[in-house]
Amino acid sequence: MVRAYPRIIAHRCGGVLAPENSLAGLAVAARLGCRAVEFDVMLTADGVPILMHDETLERTTRCNGLVAERNFAEIRACDTQVPTLAEAMDACRRHGFWTNIEIKPATGHEEATGTTVGEWLAAHWDGNGVVSSFSEKSALAARRQLPGATFALLCEALPADWRARAECMQAAAIHLAAECADAAAVAQLGVARMPWGCWTVNDRRSADRLFAQGCVAVFTDRPDLWSSEEMQPT
Ligand code: G3P
Ligand code: MG
């Protein structure tokens, strides 16, 4: 059984209300009364887990080039806003956030990223949240370090072999793209009594429709659409 899955999860820290995957985003989420956040974690060239979505730096930072080819000090020197996993988790702990740590490996670094993030979490995390990754290799490497943690199978559309994949990583939930939560997927998950959440849901009507179908949580870029009271655990 999934422990205390929250209904509203701020996507990439504060959604579109702050720079993505930033401490500023976590502060915005806290101000709004969010109880849960999601962010992406990638390794720098020297193996530091940082919050980063893209394999390249251009879109979200003042730096350029591949994340996997830059040391952390170089990234910090050109953009002071990029948080380490340690800094982000410290903020999450202070705000009391349930946290979805999405492992986002650069190509070719799947195993190392899963292992490093898993090791860090095993040493420092209280387990209040869930670990996921589109990379099965990363998820399984992290799972080896975190035998007691909650994991979710992260996918776009529900794959035909989702049961086997979920079993392999002992996933307690599935996170799928909202547009892929069709009747067939919802029925399969319902029959299997597998909790499921949807990303990325940026309007309340869609969220309400998904909740009515059995969705347990939505990841949103617009956590401001819900009141603080609505985001409290029920
Ligand atoms: O983990 C849910 C969602 O964040 C997956 O998509 O690309 O925003 O990391 P993406
Ligand atoms: Mg993500």
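The values are calculated or read from the model by the stated rules, or taken from the named source; none is laboratory data. The structure displayed is predicted, hence computed values, not measured ones. Here the Cβ is made from the backbone with ideal geometry for all residues, glycine too, and neighbour counts use every protein chain on show. SASA here: full protein model, heavy atoms, side chains in, ligands and nucleic acids out. Shrake-Rupley method; radii C 1.70, N 1.55, O 1.52, S 1.80 Å.
If I filter region 1-37 down to residues being more than 17 Å from the chain's Cα centre (by Cα) and in a loop (DSSP other than H, G, I, E, B), which single residue comes out as nearest to residue 203 (Cα to Cα)?
33
Considering region 58-103 alone, what residues qualify as being within 16 Å of ligand 1 (Cβ to nearest atom) and exposed (fewer than 14 other Cβ atoms within 10 Å of the Cβ)?
Within region 58-103, 59 is the sole residue that qualifies.
Which residue is most open to solvent (accessible area, probe 1.4 Å), if the candidates are limited to region 145-172 and must be in contact (Cβ under 8 Å) with a residue 12 or more places away in the chain and part of a helix (DSSP H, G or I)?
From region 145-172, those in contact (Cβ under 8 Å) with a residue 12 or more places away in the chain are 145-146, 148-158, 162-163, 165-166, 168-172; that's our starting set.
With part of a helix (DSSP H, G or I) added as a condition, the list becomes 145, 162-163, 165-166, 168.
Working: 145: 65, 162: 4, 163: 119, 165: 81, 166: 4, 168: 79 Å².
So, considering only residues that are in contact (Cβ under 8 Å) with a residue 12 or more places away in the chain and part of a helix (DSSP H, G or I), the one most open to solvent (accessible area, probe 1.4 Å) is 163.
Just to be sure I understand the filter: pairs with C-beta atoms under 6 Å, separated by 6 or more residues or on different chains, first member in region 205-219 and farther than 21 Å from residue 193 by Cβ, second member open to solvent by 50 Å² or more (accessible area, probe 1.4 Å). Which pairs pass?
219/199
If residue 215 meets every condition in (1) under 17 Å from residue 98 (Cα atoms); (2) within 15 Å of ligand 1 (Cβ to nearest atom) apart from one, which number is that one?
(1)
Of the residues 227, 206, which single one is among the hydroxyl-bearing types (Ser, Thr, Tyr) and either assigned to a helix (DSSP H, G or I) or touching a helix residue (DSSP H, G or I) at 6+ places or on another chain (Cβ under 8 Å) (or both)?
On the way: 227 fails: either assigned to a helix (DSSP H, G or I) or touching a helix residue (DSSP H, G or I) at 6+ places or on another chain (Cβ under 8 Å) (or both).
Exactly one of 227, 206 is among the hydroxyl-bearing types (Ser, Thr, Tyr) and either assigned to a helix (DSSP H, G or I) or touching a helix residue (DSSP H, G or I) at 6+ places or on another chain (Cβ under 8 Å) (or both), namely 206.
For region 15-27, how many residues meet the condition of being more than 13 Å from residue 225 (Cβ to Cβ) and surrounded by 24 or more Cβ atoms within 10 Å (Cβ to Cβ)? Step through it out loud before you land on a result.
Let us first name the residues in region 15-27 that are more than 13 Å from residue 225 (Cβ to Cβ), namely 18-27.
Imposing the further condition that a residue be surrounded by 24 or more Cβ atoms within 10 Å (Cβ to Cβ) reduces the set to 21, 25-26.
Counting residues in region 15-27 that are more than 13 Å from residue 225 (Cβ to Cβ) and surrounded by 24 or more Cβ atoms within 10 Å (Cβ to Cβ) gives 3.
Of the residues that sit in region 39-55 and are over 19 Å from the mean Cα position of the chain (by Cα) and open to solvent by 40 Å² or more (accessible area, probe 1.4 Å), which one is farthest from residue 106 (Cα to Cα)? Walk me through how you get there before you give the answer.
Taking region 39-55 as the starting set, the residues that turn out to be over 19 Å from the mean Cα position of the chain (by Cα) are 45-47.
Checking which are open to solvent by 40 Å² or more (accessible area, probe 1.4 Å) leaves us with 45-46.
Details: 45: 10, 46: 13 Å.
Within region 39-55, the match that is farthest from residue 106 (Cα to Cα) is 46.
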